[in-house]
1. Between [x] 1.07; [y] 0.97; [z] 1.04, which entry matches Rg/Rh (Cα atoms, Kirkwood Rh) as derived from the coordinates of this structure?
2. When the chain is fully extended, how far beyond the present Cα-Cα distance does S55 get from Q143, taking 0.36 nm per residue of separation?
3. Set the Förster distance to 35 Å, then compute FRET efficiency between D18 and A95 from the Cβ-Cβ distance, nearest 0.05.
4. Using a Förster distance of 30 Å, how high is the FRET efficiency between N132 and K47, based on the Cβ-Cβ distance and rounded to 0.05?
5. Report the charge-dipole magnitude of the chain in Debye, nearest 20, computed about the Cα centre from +1 at each Lys and Arg Cβ and -1 at each Asp and Glu Cβ.
6. Mind checking the per residue accessible area of region 32-184 for me, 1.4 Å probe, whole number of Å²?
7. At each listed q (0.10 Å⁻¹), what is the log10 of I(q)/I(0) that the Debye formula gives for region 98-182 modelled as equal alpha-carbon point scatterers?
Amino acid sequence: MSDYYLTKKRWQAISTNDRTADGTFFYGVKTTKIFCFPSCKSRLPKKENIVIFHSKEEAISHGFRPCKRCKSGGKSLPDTEWVGNIKAYIEENFAKPLTLQIIAGDCHGSPYHLHRTFKRITNITPITYLDNIRIDYAKNQLQNTTLSIELIGKMSGFPNSSHFSTTFKRHTALSPNQFRKEQK
């Protein structure tokens, strides 16, 4: 992707939010497709998810978007684009244990600001959006596989089968088992 590498010195700059490194390189996070200044105060990504860029133009040309928090693109990312990034992040990571705090950290914003902005643009909260993605996935699994309900709940990102059943019933007015029987 880039001929720059994550050296010890660059990792040190990223992990300590070193402002003196700003402008010498940018780093992108593969899992969120967001790029930042080394001084960005967002949650520290895993080393294996970092890619280094010479410039913001290079990062953009590789499909990365500027960070809302550190304004790595030189100006603030429009809220609609940021919400698009958040939706894509949730769709890719729905099976993981996500909270508003984790989503905000990975998408480079505060939980309060992310929640408020997401709801203003989509008319639903990020957690409701996450639940909708999980329920749609579970419905598909219930219709098209013979996997156990417990396993489908886990694959859908629910921490336990009780939480899965409660959320599923709230969304569909049916238990996962009733839904599966009605689909056959």
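The values are calculated or read from the model by the stated rules, or taken from the named source; none is laboratory data. Since the model is a prediction, treat every value here as computed from it, not as a measurement. Note that we place each Cβ from the backbone using ideal geometry, even for glycine, and neighbour counts take in every protein chain shown. When the accessible area is computed, the model is the full protein with side chains, heavy atoms only, and any ligands, DNA or RNA have been set aside. Shrake-Rupley method; radii C 1.70, N 1.55, O 1.52, S 1.80 Å.
1. Computed from the coordinates, Rg/Rh (Cα atoms, Kirkwood Rh) corresponds to [x].
2. Stretched out fully, the S55 to Q143 stretch lengthens by 27.0 nm.
3. About 0.55, to the nearest 0.05.
4. The computed FRET efficiency comes out at 0.40.
5. 360 debye
6. Ligands and nucleic acids excluded, the figure is 51 Å² per residue.
7. -0.29
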